Amino acid sequence: MSTPEELRYTEEHEWVSVRDGGLVRVGITEYAQDQLGDVVFVELPEVGKQVGAGDAFGEVESTKSVSELFAPLDGEVVAVNDAVTESPELINSDPYGEGWLIELRLDDASSVESLLEAEAYQALIKE
């Protein structure tokens, strides 16, 4: 299972990539997509939606189950990945690349520091 070192992680198995201008990109981890199985449907929020850390912002449906997606941090949705709504299998084939879900403009850019580093996330999924 890959856990890219440059990303931050949540206990809900989402990853966060810091972008320019106070933006972050959010997706689900390789571990999460592996647990879900084949992803067949993704529901994402509207651009402009305000989310709080821990708020549900969408759903991922697989052949096994339906799982809610949770905002990792407080912010505004500034982009959604339409490619995953059209081709949900991108989450399985490229969870850290083409399978990203949303971009947020954070209310507080330093809040990223509160998320798990790769090593801590790896310890979490080994439990």
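Efficiency by 1/(1 + (r/R0)^6): what FRET value for Asp108 and Ala79, r their Cβ-Cβ distance, R0 = 22 Å, to the nearest 0.05? Efficiency at R0 = 22 Å is approximately 0.70.
The share of accessible area on the chain that comes from carbon and sulfur is 42 percent, using a 1.4 angstrom probe. With only the Cα atoms considered, segment 21-69 has a convex hull volume of 96 Å³ per residue.
Accessible area ranking (1.4 Å probe, heavy atoms, ligands and nucleic acids excluded), largest first, for Lys126, Lys64, Lys49: Lys126, Lys64, Lys49. The packing ranking, built from the mean of other Cβ atoms within 10 Å per residue, places the peptides 5-11, 105-111, 25-31 in the order 25-31, 5-11, 105-111, highest first.
Entry comment: accessible area of the chain is 51 Å² per residue, from protein heavy atoms only and a probe of 1.4 Å.
Equivalent-ellipsoid semi-axes for the chain (Cα gyration tensor, √(5λ), whole Å, largest first): 20, 18, 12. Taken about its Cα centre, segment 52-127 carries a charge dipole of about 220 debye when Lys and Arg each add +1 at the Cβ and Asp and Glu each add -1 at the Cβ.
A straight chain from Ala118 to Asp34 at 0.36 nm per residue would run longer than the Cα-Cα distance by 28.5 nm. Report relative contact order for segment 1-121 in percent, whole number only (criteria: Cα-Cα under 8 Å, sequence separation at least 6). Once divided by the residue count of segment 1-121, the mean separation gives 31 percent. Dipole size of the chain about its Cα centre, with +1 on Lys/Arg Cβ and -1 on Asp/Glu Cβ: approximately 40 debye, rounded to the nearest 20.
The values are calculated or read from the model by the stated rules, or taken from the named source; none is laboratory data. Quantities reported herein were computed from a predicted structural model and do not represent experimental measurements. Backbone-built Cβ (ideal geometry, glycine too); neighbour counts: all protein chains shown. Side chains are part of the model used for accessible areas, which takes the heavy atoms of the whole protein and leaves out ligands, DNA and RNA. Shrake-Rupley method; radii C 1.70, N 1.55, O 1.52, S 1.80 Å.
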